[in-house]
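Have a look at the structure below, then the notes.
The values are calculated or read from the model by the stated rules, or taken from the named source; none is laboratory data. Small disclaimer: the values here were computed from a predicted structure and weren't measured. Cβ: placed from backbone, ideal geometry, glycine included. Neighbour counts: every protein chain shown. Note: areas computed on protein heavy atoms with side chains; ligands, DNA, RNA excluded. Shrake-Rupley method; radii C 1.70, N 1.55, O 1.52, S 1.80 Å.
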Amino acid sequence: MSIPVWPADLPQRVLVDGFSAGVADGRIRQKMDAGPPKMRRRTSAAVRPVRARVRLDRDGVARLNRFWEEDTAGGVLPFWFPDPLLDGLPLLTGAGVPLLTDGGEPLLITSWWLVQFGEDGIAVDAPSRVAFSASFGLDILP
């Protein structure tokens, strides 16, 4: 079975408003009889949490719901998601000049995250009758 890919007919960029990325936290905290708690690394295979939001129309909401239900089996299967921090940016030299193809086009970075939907699922808001926004959590898998 292949790993699903975020659908091309859904937005490939998340909105800046509503985006946040955390760090992978594989620590465990142990309470002590006295003094501060003892903390140690529990695992190096911790997920990195991300919050994202996309703008959709009615068809986009239906497509997102179908992706959730069918492609990710109700949000439990991992899938490939375009990295909103790097994907599509031009590749630069050390001096900050874009690298170009022989045809003069900039070389673009392709970057994907292997993710699962977060435990909160998907929330769809309707600021108007034709425009929607969907917010969801993603866990970037190690």
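Summary of computed values
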read-out: Looking only at the range 89-101, and only at residues there that are of a type outside the set (V, I, T) and open to solvent by 70 Å² or more (accessible area, probe 1.4 Å), the one that is nearest to W112 (Cα to Cα); value: L89
read-out: Subset of the range 30-60 that is more than 30 Å from R129 (Cα to Cα) and of a type in the set (V, I, T) - its residue that is nearest to the chain's Cα centre (by Cα); value: V47
read-out: Flag if V76 is out of contact with any Ser or Thr (no Cβ under 8 Å at 6 or more places or on another chain), open to solvent by 70 Å² or more (accessible area, probe 1.4 Å) and β-branched (V, I, T); value: yes
read-out: Pick from the range 1-25, criterion touching a strand residue (DSSP E or B) at 6+ places or on another chain (Cβ under 6 Å) and without any contact (Cβ under 8 Å) to a residue 40 or more places away in the chain, ranking: least open to solvent (accessible area, probe 1.4 Å); value: G22
read-out: Every pair of residues 6+ apart whose Cβ atoms lie under 9 Å, when the first sits in the range 126-140 and is within 20 Å of P78 (Cβ to Cβ) while the second is part of a strand (DSSP E or B) and of a type in the set (S, T, N, Q); value: L138/Q116; D139/Q116; I140/Q116
read-out: Residue in the range 107-123 that is nearest to L10 (Cα to Cα), counting only those that are assigned to a strand (DSSP E or B) and open to solvent by 60 Å² or more (accessible area, probe 1.4 Å); value: W112
read-out: Those residues of the range 26-63 which are among the hydrophobic types (A, V, I, L, M, F, W, C) and in contact (Cβ under 8 Å) with a residue 12 or more places away in the chain, in sequence order; value: I28, M39, A45, A46, V47, V50, A52, V54, L56, V61
read-out: Given (1) surrounded by 13 or more Cβ atoms within 10 Å (Cβ to Cβ); (2) more than 18 Å from I3 (Cβ to Cβ); (3) in contact with a strand residue (DSSP E or B) (Cβ under 8 Å, 6 or more places away or on another chain), number of the condition L86 does not satisfy; value: (3)
read-out: Matching option when the condition is touching a strand residue (DSSP E or B) at 6+ places or on another chain (Cβ under 8 Å), within 14 Å of W6 (Cα to Cα) and polar (S, T, N, Q), among Q30, Q116; value: Q116
read-out: Options P49, P36; residue that is at pLDDT 85 or above, more than 25 Å from S111 (Cα to Cα) and either open to solvent by 60 Å² or more (accessible area, probe 1.4 Å) or not small (G, A, S) (or both); value: P36
read-out: Close pairs from the range 64-77: first outside any helix (DSSP H, G or I), partner not charged (D, E, K, R), Cβ under 7 Å, at least 6 apart; value: T72/P4; T72/F79; T72/F117; G74/W68; G75/W68; G75/F117; G75/G121; L77/P4
read-out: From the options G96, G118, G60, G103, residue that is at positive phi and not hydrophobic (A, V, I, L, M, F, W, C); value: G96
